[in-house]
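Derivation of every value follows stated rules applied to the coordinates shown; laboratory data play no part. Remember, it's a predicted structure, so these values are computed and weren't measured experimentally. All Cβ positions, glycine included, derive from the backbone under ideal geometry; neighbour counts span all protein chains shown.
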Amino acid sequence: MKKIAVIDYGMGNLRSVQKGFEKVGVDAFITDKPEDILSADGVVLPGVGAFKDCMDNLEADKLIEPIKEVVAKGTPFLGICLGLQLLFTESEEFGIHKGLDILPGRIRRFPADMLEGDRNLKVPHMGWNRISIKKECPLLSDTADGDYFYFVHSYYVDTPDKDIILTTTDYGINFTSAVCRDNVYGVQFHPEKSQDIGLKIFKRFGEMI
Amino acid sequence: MLTKRIIPCLDVKDGRVVKGVNFVDLIDAGDPVESAMAYDRAGADELTFLDITASHEKRDIIIDVIRRTADNIFLPLTVGGGIRTLEDIKAILRAGADKVSINTAAVHDPIFVKRASERFGSQCIVVAIDAKQKQGKNAWEVYTHGGRNNTGIDAIGWAVKMEEYGAGEILLTSMDRDGTNIGYDIPLTRSLSDAVKVPVIASGGAGNIDHLYEALDIGGADAVLAASIFHYGTYTIGQVKKVLSERGVNMRMTR
């Protein structure tokens, strides 16, 4: 049976990601071993926490090269939340820090002065929000325009390459909430926390491997 | 636009729900996992477990409950109660929870919140504040031990400090209103929500849908936590969301 490697670099709730795949009949296992990642049929990079800490952890666990290698050889790859942000060139979180630089763009903080009526919008952007689909993609073939997903983040993707944008979401600004280029996919929201609508994304990703 | 969240809270003691959930379709209303699954089906936006198990030695029980919950439902889960160390947090997150809520430990050692948010990320650190109004004044103080101990700390200033220390969200409970069903403390909720940038969950006092509306609209809360009105079946989550939505509150409607 084909298997998805969920990369463990010491951050966050990986169990829900693994169980989410299991729920839709896709085999997934949690690993921090480069050889497991290199031999997997699909790879998921989850992640919560600070950008630099996560890059440091990936580096310390010698996972950066294997990630770049599987992306280059065409293995379906999915970044979730911070895992999406790590795919980009750099981030402004606590100073400028280099990312994996697989996709072009910078990770920026939500502006402090975003308003909704007369009230400031809260940061982090935490809770359920809608996506607006910009481009067709097999990852979203069971997803409808306007579906709700669960988000938790204070930073967002700003990319000059508009062709990679799959969906946008409105929170004070219209930000990029999902991307795709070739075999690389990334979602800012948490499919593993978005009930059945989220798990449909996992199902579609599982069908690509 | 981001929706406001409806969060049922289950009190869990020694692995059992304390205030039983009164749903007709439950085989075992005392099982937190089964109750959580019922709320998942009902359209809750998140779930919270408050572990009121007295003994620290019995913490494995809640870990097992979290694990079984995370195996079955794919909804954000917050766990609070008795969290004192980074190891406690790690065990809870590893079992499948998304956030922990820290209350007494934050008052005893505010730096603990800082360490926790640096290690695990602000997004999973909720600081729970139990506040009581100062007699005759438009001010509130932080209490611990279920409202028995007055720390003398100003609740609004405390929330601002906890935000600085990395809290990603504030769970605000009015000890004056908790268990009364007469409505949330709206001035408290509004004052605190205006003072911080992070989301605020209002708790304590919900008795009807008007109360939820007031907390979200006038109080400026980002989410409301409620226990008895859902557990006793006074309203379903769907009814609440429908009414709030008709009154102009942005809600995630589920099928």
**Study point:** Average beta-carbon neighbours from other chains, 10 Å sphere, peptide B:68-78
**Key:** 5
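Report the calculated FRET efficiency for B:ARG115 and A:SER141 (r = Cβ-Cβ distance, R0 = 51 Å), to the nearest 0.05. Provide the component values of the computation, followed by the final result.
Numbers: r = 44 Å, r/R0 = 0.85.
Calculated value: 0.70.
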Check your understanding: Averaged over all directions, how much area does the convex hull of the C-alpha atoms of chain A cover when projected, in nm²?
Key -> 10.6 nm²
Check your understanding: Each label point is 7 Å from the Cα along the Cα-to-Cβ direction; what then is the distance between the points at B:ASN72 and B:ARG16, in nm?
Key -> 1.7 nm
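In chain B, how does Rg compare with the Kirkwood Rh, expressed as the Rg/Rh ratio over alpha carbon atoms?
Details: Rg = 17.0 Å, Rh = 18.1 Å.
Rg/Rh for chain B comes to 0.94.
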**Study point:** Gain on full stretching of the segment that runs from B:GLN135 to B:SER245 - 0.36 nm per residue minus C-alpha separation
**Key:** 36.0 nm
Point to revise | Peptide A:190-203, shielding by other chains (average Cβ, 10 Å cutoff) | key: 3
Point to revise | the stretch A:7-38 residues near the modelled A:PHE94 label - backbone nitrogen below 15 Å, point 7 Å along Cα→Cβ | key: A:11-12
**Study point:** Cα-based reach from A:LYS68 at 21 Å (exclusive), listing lysines while leaving out same-chain residues under 8 positions away
**Key:** A:LYS2, A:LYS3, A:LYS33, A:LYS52, A:LYS98
Practice item. Kindly rank A:51-57, A:113-119, B:198-204 from highest to lowest mean number of other beta carbons found within 10 Å of each residue. Key: B:198-204, A:51-57, A:113-119
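Tell me, rounded to the nearest percent, the portion of alpha carbon pairs in the protein assembly as shown spaced more than 33 Å apart. Don't skip to the end; give the middle numbers.
Details: 34506 of 107416 pairs.
So the portion of pairs separated by more than 33 Å is 32 percent.
So for the protein assembly as shown: antiparallel DSSP bridges make up what percent, rounded to the nearest 5?
Numbers: 36 of 84 bridges.
If I count the DSSP bridges inside the protein assembly as shown, around 45 percent turn out antiparallel.
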Check your understanding: Do you know the relative contact order of the stretch A:3-208, to the nearest whole percent, from alpha carbon pairs under 8 angstrom that are 6+ apart?
Key -> 20 percent
